[in-house]
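Report on the following structure.
The values are calculated or read from the model by the stated rules, or taken from the named source; none is laboratory data. The structure displayed is predicted, hence computed values, not measured ones. Because the Cβ atoms are built from the backbone with ideal geometry, glycine has one as well, and the counts that use them run over all protein chains shown. Note: areas computed on protein heavy atoms with side chains; ligands, DNA, RNA excluded. Shrake-Rupley method; radii C 1.70, N 1.55, O 1.52, S 1.80 Å.
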Amino acid sequence: GFGSKLSRRWAAALPRLRTEYDDATRTTRNTVAGVVGIIDSVFGTTQVRKALFSPDNVAVWKFGDFVFTPEALVAFAAQKKRGIVGSPKEPHQTKHKKARTPAEARQR
């Protein structure tokens, strides 16, 4: 999922990725949500995350001690479904409706 443009961005970001990884807690560095957070914080978009965390890349890459395994793919999919991973800047995120008060519910 990495073309030449994205590969150049990744290479240019490696020093910052290393710093963010080194500064993170051990738990953060070894969890899907933690690695996603590091990657998203460095790139500011989800383009890299989407390329890395695709099913085609299972067992193809690692980030420090984190290895993108089939289990990591399942965890990523579950977290994505629950809305745990993702940048608040994402325009396509689901907007939750405000809960209605009992009075509003009776008016319907």
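For the pair Thr19/Ala59, report the inter-label distance in nm, with labels modelled 7 Å from Cα in the Cβ direction.
Result: 3.6 nm between the two label points.
Per-residue accessible area for Val67 at 1.4 Å probe radius, Å² rounded to 10?
60
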